[in-house]
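Working notes for the structure below.
The values are calculated or read from the model by the stated rules, or taken from the named source; none is laboratory data. All of these numbers come straight from a predicted model, not from anything done at the bench. Cβ atoms come from the backbone with ideal geometry, glycine included; neighbour counts cover every protein chain shown. With ligands, DNA and RNA removed, areas are computed over all heavy atoms of the protein, side chains included. Shrake-Rupley method; radii C 1.70, N 1.55, O 1.52, S 1.80 Å.
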Amino acid sequence: MRFDVAVIGCGPGGIQAAIHASRAKVSVALIGKTSNSAASGTHIENYLGIREIAGDELLDVGMSQAETFGARHFPLNVTSASKTNDGFSVVLEDGTTLEVSAVVLATGISREKLGVPGENELFGKGVSYCASCDCNFYKGRIVAIVGGETEAAVSAELMTRYASKTYWVSESVEASDVVRQRALDAGAELIPASVVRIVGDDKVRSIELSDGSSVDVDGVFIELGAKSSADLAMDLDVMPEMDDSVKVDSSCATSVPGVFACGDVTGRPWQVAKAVGQGNVAGTSAARHVKEVRK
């Protein structure tokens with residue numbers, strides 16, 4: 001499926017980028033779920049011209065605007081993205097592949113924490129938030145992937161190629177049937193429970209589960225949401241900063257031609273006003289890039 005621009009992320013920045021790119025008369029795929037936005041479930045009262053509004057209402061109105069101007073919404077997570085000879089390829093969790101000339105990263109901040117004892121203490125000693133970053137360290141070892149969404153499923157499949165045993169721990173699985181089955185077919189063992197404690201000393205030794213059992217592991221990969229901003233950036237050859245943010249110039253362009261970014265993914269301040277302003281710039285810049293490569 002071919003589009004001019006793929007906007008990854010349905011927060012204020014991504015929706016605004018889709019609005020401006022669509023108004024510039026290029027075809028736009030707006031990818032993601034508004035429920036994954038940091039604005040979802042919040043109450044906003046510091047946005048110019050609006051005394052107060054629920055974050056979900058702002059997102060719903062914005063999505064309606066983007067679709068009115070021609071953007072096509074794909075309420076799915078992204079499993080991978082890559083450069084191609086004539087642009088970029090973006091793969092969705094249902095297996096759909098989008099071929100595009102420009103990408104706008106509007107994924108927000110990443111690395112959602114589990115919030116259990118041992119997580120902070122053992123970070124870097126067996127606790128990781130990026131399977132694709134650290135998979136090589138766990139060749140022939142036992143690992144647990146924690147989370148029920150797309151990134152957990154993708155990471156579980158990935159780690160079966162490195163680890164001697166891969167446990168996938170989640171009380172429920174919200175990832176699509178396609179990526180879920182792929183992980184299970186690869187050999188990941190799904191445990192329907194939640195992690196209540198990560199146990200270790202100088203390194204991770206085991207995890208304690210909500211059903212009262214304990215599983216010996218060498219590594220714990222916490223993957224609670226969609227594919228993270230850092231992972232997607234690296235897929236596209238953009239090197240994220242130490243805090244996983246993506247550096248952009250005044251046109252919201254990254255170091256890779258055709259890849260733009262806006263919103264929380266570009267760093268602080270994490271505010272709706274900043275995200276919307278950058279979304280305007282990123283969407284306009286992406287549309288301009290598409291028109292330039294057409295010449």
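With only Lys, Arg, Asp and Glu charged, each at its Cβ (+1 for the first two, -1 for the last two), find how big the charge dipole of the stretch 210-277 is about the Cα centre; round to the nearest 20 debye. Write out the running numbers ahead of the final one.
Working: 4 positive and 12 negative charges, 104 e Å.
For this selection, approximately 500 debye.
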With S170 itself left out, Lys, Arg at +1 and Asp, Glu at -1 over residues whose Cβ is under 11 Å from its Cβ give -3
Only helical DSSP H runs with n ≥ 4 go in: add -39500 (n - 2.57) per run for the chain, normalise by residue count and round the 222 nm mean residue ellipticity to 500 deg cm²/dmol. -8500 deg cm²/dmol
Is any residue of the stretch 128-151 close enough, with backbone N under 16 Å, to a label point placed 7 angstrom from the Cα of K113 along the Cα-Cβ axis, and if so, which? 128-130
Hey, can you find the accessible area per residue of the chain for me, probe 1.4 Å, expressed in square angstrom? 45 Å²
With the dipole of the chain worked out from charges on the C-beta (+1 for Lys and Arg, -1 for Asp and Glu) around the Cα centre, which of A54, A230, V104 lies farthest toward the positive end? V104
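Sorted by accessible area (1.4 Å probe), largest first, how do K113, K125 line up?
Details: K113 115, K125 95 Å².
Heavy-atom accessible area, descending, gives K113, K125.
Give, in nm to one decimal, the length gained when the segment between D94 and T42 is fully stretched (0.36 nm per residue of separation minus the Cα-Cα distance).
Working: separation 52, 0.36 × 52 = 18.72 nm, distance 2.91 nm.
Stretched fully, the D94-T42 segment lengthens by 15.8 nm.
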Cys in the chain lacking any partner Cβ under 4.7 Å -> C10, C135, C252, C262
Ignoring ligands and nucleic acids, what accessible area does H289 show with a 1.4 Å probe (Å², nearest 10)? 40 Å²
With every protein chain in place, the chain: carbon and sulfur % of accessible area (1.4 Å): 48 percent
Percent of Cα-Cα pairs per 5 Å bin, from 0 to the last occupied bin, for the stretch 24-66, please list those. 5, 20, 26, 22, 13, 11, 4
Residue by residue through the stretch 142-149, the couplings from Karplus 6.51 cos²θ - 1.76 cosθ + 1.60 with θ = phi - 60°, in Hz, x for Gly and Pro, are 9, 10, 10, 9, 10, x, x, 9
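At a Förster distance of 25 Å, what's the computed FRET efficiency of N120 paired with D211, Cβ-Cβ distance as r, to 0.05?
On the way: r = 24 Å, r/R0 = 0.95.
So, using R0 = 25 Å, E works out to roughly 0.55.
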To the nearest 10 degrees, how steeply does helix 177-186 sit against the main Cα axis of the chain, on a 0 to 90 scale? 40 degrees
So what does L224 come to for accessible area, using a 1.4 Å probe and Å² rounded to 10? 40 Å²
Relative contact order, percent, of the stretch 216-287 when contacts are C-alpha pairs under 8 Å separated by at least 6 residues? 22 percent
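If L92, L114 are ordered by their accessible area, calculated over protein heavy atoms with a 1.4 Å probe, which sequence runs from highest to lowest?
Putting L92, L114 in descending order of accessible area: L114, L92.
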Set the Förster radius R0 to 35 Å, insert the Cβ-Cβ distance between K203 and E52 as r into 1/(1 + (r/R0)^6), and round the FRET efficiency to 0.05. 0.15
Looking only at aspartates and glutamates whose Cα falls under 15 Å of K295's and that sit 8 or more positions away or on another chain, we get D4, D86
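What dipole magnitude, in Debye to the nearest 20, does the stretch 3-124 give about its Cα centre under +1 on Lys/Arg Cβ and -1 on Asp/Glu Cβ? Could the numbers behind the result be given before it?
Details: 8 positive and 14 negative charges, 68 e Å.
Approximately 320 debye in magnitude.
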Would you give the gap between the C-alpha center of the stretch 1-40 and the C-alpha center of the stretch 85-152, rounded to a whole Å? 21 Å
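If eta is 1.002 mPa s and T is 20 °C, what Stokes-Einstein diffusion coefficient results for the chain, Kirkwood Rh from Cα pairs, in µm²/s? Please report the intermediate quantities before stating the final value.
On the way: Rh = 19.5 Å.
D = 110 µm²/s.
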Take the chain, connect every pair of alpha-carbon atoms lying under 10 Å apart with a spring to form a Gaussian network, then pick out the residue of L30, L48, L122 with the largest mean-square fluctuation. L48
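Using the Cα centre of the chain as the reference point, and only Cβ charges (+1 on K/R, -1 on D/E), how large is the resulting charge dipole? Debye, rounded to the nearest 20.
Numbers: 27 positive and 39 negative charges, 213 e Å.
Dipole size: approximately 1020 debye.
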Checking the table K33/K139; K83/K113; K139/K203 against a 26 Å threshold on Cα-Cα, which pairs fail? K33/K139; K83/K113
For a paramagnetic label modelled at 7 Å from the Cα of K83 toward its Cβ, which residues of the stretch 264-295 fall within the zone defined by backbone nitrogen distances under 17 Å? 290, 293
